[in-house]
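Everything on this sheet refers to the single structure shown next.
The values are calculated or read from the model by the stated rules, or taken from the named source; none is laboratory data. Predicted, not measured: the structure shown is a model, and the values here were computed from it. Note: ideal-geometry Cβ built from the backbone for every residue, glycine included; neighbour counts use all protein chains shown. When the accessible area is computed, the model is the full protein with side chains, heavy atoms only, and any ligands, DNA or RNA have been set aside. Shrake-Rupley method; radii C 1.70, N 1.55, O 1.52, S 1.80 Å.
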Amino acid sequence: MAVLGLGACARVEAGTPAAQREAVTRACLDGKLAVFGLKLDRVGCACASNLLQAQLSPAAMTALEDHARGRSDGFDAARAGLSGEEKLMLDPGRPAGAPDLRKAAADCL
């Protein structure tokens, strides 16, 4: 089922919520989100991208998509506009014990 979902996401227009979920799912599978505390299997990554889309603000999801796509300038700019817990969750150098993406995707763990 997750494989079918990934295939369907590949045909969506860039910048849409579905494109963001697809980018986040692929980055999760590739281990690119481990720096934010998220390292899951294929089904977990698909689940997490859906939960993150629902729980994070659009700005935080844009920052996460920028990181997933390797757009470091976009990630830094988008992350700078965040506040509170979301900014901390998306901080690659966050202190130990600080909230990470696992908190938002807890139902997928």
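In terms of its C-alpha gyration tensor, the chain comes out oblate, because a/c is 1.5 or above while a/b does not outweigh b/c. The mean accessible area for residues of the chain, using a 1.4 Å probe and ignoring ligands and nucleic acids, is 52 Å² per residue. In this rough spin-label picture, where each label sits 7 Å from Cα along the Cβ direction, the Ala54-Ala34 distance is 2.8 nm. Dipole check for the chain: with +1 at the C-beta of Lys and Arg, -1 at the C-beta of Asp and Glu, and the Cα centre as origin, the magnitude is about 180 Debye.
Of the listed residues Asp76, Asp66, the order by accessible area with a 1.4 Å probe, largest first, is Asp76, Asp66.
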